[in-house]
Amino acid sequence: MANCFVRGNKLWVDYYVEGNRIRKATGLEDTKANRSFVKKDIIPKLSAMIITGEIHQKQPKTFGYYFDIFLTLKDSNRSYFVKKPIWNKVNEKFKNLDVDKITRLDVKSYINSLPIKSVSKGAYKTVLKEVLELAVDDGVLKTNPAINIKLHGDVQENIQYFTKEEVKLILSRAEGILKPYLMLAFHTGMRPEEILGLQSNDVSDGWIEIKRVRTRGRIDIPKTRNSVRKVPCPSFVINELEQIKSDHLFLFRDIDDATKLRRIWPSLLKKCELPKRKLYSARHTFATIMLQDGIVSINELAGLLGHSSPKITLAHYASVIDSKQIDLGRDFNLFG
């Protein structure tokens, strides 16, 4: 027999399975309407599931079992395809372990062993916490070993960027659709998915309005409120964009993911006799030159880059900050 009771200001249900007393939170506030709902809807269904054997004493399952459930729940998440490679790395490490055998030390050791910045480790910690929380919800775990894990200090990553002379060389030898892409990336610091999400009406009067992203064939809104922004764009870059306008909805037409550009990017670097660097280095170059030349403050750069906080900007670019401060011109040319 199942019963309803109140703990704090929340409604819980109390029932027995195979002689074991189980208490579960409904997540509902203690109101007259919610009490009626629990008694008339939840408890009858719960009782029926106990009788039919659908509910039974839970046996430990592997991390991989709950990871599959986690993926199903995240399927509609707008950053699913971006975050999935991280999720898969975590699952590869823990998938064959029974969740009741995963200790807090296991979690802590794994997170702190990652040779990346603490801000990046957070994504790994989050997936561990959310997957193991499903095991808590399932009654297999009483507590989540991934909660309140403290991270050790950052492992400093070197920002890869180009010099002004290298940028001039790259832009002089870039061809096809890669040239306007690089013109935008080097002169605005926009993210790849933001550039590929641009439409013709997003560019006007020396400004670019960033209000959508396009990656892996998916179109979505930017991931944070600060990512929705307007950035200044030099007239010579806008003129370059005018050359690629077409009847297609997007400026960069069928290039709906940066990986399609990364196939021709290494060839361009080789032609310029430059070492291999990621395509994302164009964004780092913009930020570095803006700071080294004292064109903007760290707060202003955070706004241009669409960072959620100047702290993020500072963490990336602290080593290149210059004390000089000058105004950002309307038609600035960083590499002229």
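Remarks
- Distance histogram for the chain (every C-alpha pair counted, 20 angstrom bins, percent rounded to whole numbers): 24, 44, 25, 7
- GNM top mover of Arg21, Arg216, Arg104 - the chain, alpha-carbon springs below 10 Å: Arg21
- Normalised by the number of residues in the chain, the average gap of Cα pairs under 8 Å and 6 or more apart makes the relative contact order 13 percent.
- The Cα center of the stretch 179-222 and the Cα center of the stretch 249-312 differ in position by 11 Å.
- Most fluctuating residue given options Ser118, Ser79, Ser47, as computed from a GNM of the chain linking Cα atoms under 10 Å: Ser47
- Across the stretch 36-44, rounded Karplus estimates of 3J(HN,Hα) from the backbone phi angles (6.51 cos²θ - 1.76 cosθ + 1.60, θ = phi - 60°) give 5, 5, 4, 6, 8, 10, 5, 5, x Hz, Gly and Pro being marked x.
All of the numbers you see were taken from the coordinates with simple rules; none came from a lab. What you see is a predicted model, and the numbers here were worked out from it, not measured in a lab.
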